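First the structure, in the form of structure tokens, and then the observations on it.
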Amino acid sequence: MDKLLIMSNREITRLEVIQRLKEKRLKQKEAAQLLRISLRQVKRLWRAYRQAGAQGLVSARRGKPSNNQLDPGTAQKAIDLIYEHYQDFGPTLAHEKLTEVHGLKLSDESVRRLMIAEGCWKPKRAKEPQAHPMRERRACFGELVQIDGSDHDWFEGRAPRCTLLVYIDDATGQLGELWFVPEETFFGYCEASRHYFERYGKPVAFYSDKHGIFRVNQPRPLGTTSGLTQFGRAMQELDVQIICANTPQAKGRIERANQTLQDRLVKELRLRGISDMHTANAFLTEFCQDYNRRFAVVPRSTHDAHRPLLKSENLDLILTHQKTGTLSKNLTVQYNKVIYQIQSNRPGYALRNAQVTVCENAKGEVTILYKNKSLDYTIYQKSPRQAEIVDTKTLNRQIKPPKPPAPNHPWRHYGSHLNGKPIQEAPINGAD
């Protein structure tokens, strides 16, 4: 009885060529060209065919386990560690922790298959590609830095929700600065920008969204003549251009980085037991170094476009909230509902109607400049506080819920007389 052979398409093709070689209709060199293999391999196939016939062309490894399969002990250890520490991690991040922290030798695809089999990871269906015009990376490091704020529950309920300010270089994808702040404000960006300037220098341009910190969104802003925000004015003094993107897709590099940080950084903070912004900010330098080692790319040009800070560029004054005012006849100027009385040894008429600049830093300290020199002052009068203007992002944080009334408040007993029961008053001075 003939033996039934199971052969693949590739093995059937080899059988046909070897049979033609047997009938001397082909030479071994021509057979090697047809099969796209070496002449030595054709000789091996011919030798196997002469010894065992068509059976000699069938792979001997068929039906046998692979020599490169994952060791069952390693797989079980990986599963145990995933359930214990990394159950909500993605396969790539879980693989990094298993190899770097626990010393397991397995591929990221093996971790992915294990997590899918255990139900810890659900494979995502590929999204339909959207047509967005591609923008080539800038050539030089420091030529364009994308900045954005990511509001997220970074501490997973262990601390109040906060915002992470992200600075990422366009040419290299390198994280230049990460900084946790309570919310996205002018002084928050000033502090993060100071760290960036002191570490790398001044970039050519910042690339941001149309947030009111970077761009005046009113057609005719009241109370301003330059059309610049406070952050825009500070960057103009430092010769750093601000470019605002029209759509989130235009600054997709930092948007994708925010998604990666909301996955990786959250889990790193959890593994290290970090539950406050101060400790987290101290850890961010180490995290940036590890992130850049994994994901940064080499720029097309080796030129560093950053420029050093000049001696005349005083960040303590430039990165402040500034407003221009005019001194009255009494040498007073009002700022933020406070009247400041200028103290000067020169004659009073010399400073009347003089244009001064009031600078306020993040700590609330005020400096008054006249021709780039500070003036001494005393606080003359503080005006009563009026209604404040708050944007929609911080509205919920400004509104505080009313306190509930006391247990013995008359409001709690209102309407009790309708049931025919008199209201019992609390005893006075211990009397019954």
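Just so it is clear, none of the values below were taken in a lab; they were calculated from the coordinates. Just so we're clear, the structure is a prediction, and the values are computed from it rather than from any experiment. Quick reminder, even Gly has a Cβ in these numbers, built from the backbone with ideal geometry, and neighbours come from all protein chains shown.
Computed from backbone phi, the HN-Hα couplings of region 33-45 come to 5, 5, 8, 6, 10, 7, 5, 5, 5, 4, 5, 5, 5 Hz, rounded to whole numbers (Karplus: 6.51 cos²θ - 1.76 cosθ + 1.60, θ = phi - 60°; Gly and Pro given as x).
Phi-derived couplings, Karplus 6.51 cos²θ - 1.76 cosθ + 1.60 at θ = phi - 60°, listed residue by residue for region 93-98: 5, 5, 5, 4, 5, 5 Hz, with x used for Gly and Pro.
The lysines whose alpha-carbon is closer than 17 Å to the alpha-carbon of K202, local same-chain residues fewer than 8 away aside, are K311. Pairs of Lys residues in region 320-382, spaced 8 or more positions apart or belonging to different chains, with C-alpha separations under 21 angstrom: 13 in total.
When the alpha carbon coordinates of region 1-129 are projected onto the principal axes, the ranges are 65, 40, 31 Å, largest first. Each of R47 and T247 was given a label point 7 Å from its Cα along the Cα-to-Cβ line. The distance between the two points is 6.3 nm. Sorted fewest first by neighbouring Cβ atoms within 10 angstrom, W46, W121 come out as W46, W121. Distance between the modelled labels on T260 and A350, one decimal in nanometres: 5.9 nm (7 Å Cα→Cβ projection).
Once the Cα-Cα distance is subtracted from the 0.36 nm per residue extended length, the R158 to H102 segment shows a gain of 17.5 nm.
222 nm [θ] for the chain, helices only, -39500 (n - 2.57) per DSSP H run of 4+, per residue, to 500?
-10000 deg cm²/dmol
With contacts taken as Cα pairs under 8 Å at a separation of at least 6 residues, region 30-136 carries a relative contact order of 17 percent.
Round to the nearest 10 and give me the degree value, 0 to 90, for the angle of helix 277-295's Cα axis relative to the longest principal axis of the chain. With rounding to tens, the tilt is 30 degrees.
Spin-label model, S275 to R300: label points 7 Å out along the Cα-to-beta-carbon direction sit 5.0 nm apart. One decimal place: the segment K311-H413 gains 29.7 nm when fully extended, by the rule 0.36 nm per residue minus the C-alpha distance. At q = 0.10, 0.11, 0.12 Å⁻¹ the log10 of I(q)/I(0) for the chain amounts to -0.95, -1.04, -1.12, computed by Debye summation with a single uniform scatterer per C-alpha, solvent ignored. Relative to the dominant Cα principal axis of the chain, helix 72-84 is inclined by about 20°.
The distance separating the Cα centre of region 9-85 from that of region 307-379 comes to 84 Å. For K24, the lysines whose Cα falls under 28 Å of its own Cα, not counting residues fewer than eight places away in the same chain, are K3, K43. Couplings for region 253-261, taken from phi via the Karplus curve 6.51 cos²θ - 1.76 cosθ + 1.60 with θ = phi - 60°, read 5, 7, 5, 5, 5, 4, 5, 5, 5 Hz in order; Gly and Pro are left as x.
Full extension of the segment from F283 to E84, taken as 0.36 nm per residue of separation minus the current Cα-Cα distance, would add 69.2 nm.
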